[in-house]
Amino acid sequence: MNDNHPESSPWAIPVAQVATRPGQSKAIDHDFPAPDGIGDEVIGIREGADVHVDGSFDSIVDGLIFNGAVTAPVTAECSRCLKPLSARHTIHVTAFFPYAPDAHEQRRGKGRNDEEVDIIAGEEESDDFYPLAGNNTFADIEALLRDNLVESLPLKPLCRPDCKGLCPQCGIDLNEEPDHRHEVADIRWSALEGLKAKLEAEQGGDADGHDAE
């Protein structure tokens with residue numbers, strides 16, 4: 001985000017209309033580009049993909065509280081069978097955008113003098129804090145999107161909860177071939193099988209010798 005020109009950010013939302021009026025709300029229903037760095041080669045959200053934000057900024061004395069839903073297109077690979085996956089991923093977000101210290105103190109003082117309702121965000125309101133920009137006139141949600149989407153992605157995505165994965169010997173998809181099997185010899189018996197074959201060979205040789213006599 002450009003601190004000198006916060007309005008140039010594609011994630012900047014103008015909030016001056018509600019930032020100076022505690023108790024007011026600003027609705028958001030808009031698509032934003034996905035920030036970079038969300039996920040990896042196994043699961044992630046492509047940079048620049050449309051991320052839909054549907055919620056509102058609620059103005060209080062200390063700052064703005066955002067409540068809303070974030071929906072993004074997720075591409076992934078099943079961690080068991082390696083099947084490509086794609087889905088719309090929705091999360092619910094609550095975040096606090098505190099006012100800059102000087103503006104914060106001014107609003108607290110005005111609230112006391114005019115006997116306005118003093119609504120202050122407690123720790124229980126939100127664990128996520130993001131600064132306002134442009135003298136409290138813009139809320140930039142780039143970090144909010146990245147932080148919350150990254151945290152919500154599963155570490156091991158699955159195509160379905162009971163995915164059987166791939167055969168460890170030949171790689172066939174066991175979901176498509178559930179009866180697939182390989183005959184595997186138990187190496188614990190291989191030495192005995194060799195000894196048995198040797199004894200049988202020796203016994204056969206002795207029998208041939210007796211017949212010759």
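Out of the stretch 32-88, which GluC sites (Glu not before Pro) are coil in DSSP terms and have no more than 13 other C-beta atoms within 10 Å?
41, 47
How would you order 23-35, 167-179 from highest to lowest mean count of nearby Cβ atoms within 10 Å?
23-35, 167-179
Just so you know, all these numbers are worked out from the coordinates, no wet-lab data involved. The shown structure was predicted, so the numbers you read here are calculated from the model rather than taken from an experiment. A quick note on method: Cβ atoms are made from the backbone with ideal geometry, for glycine too, and the neighbour counts reach across all protein chains shown.
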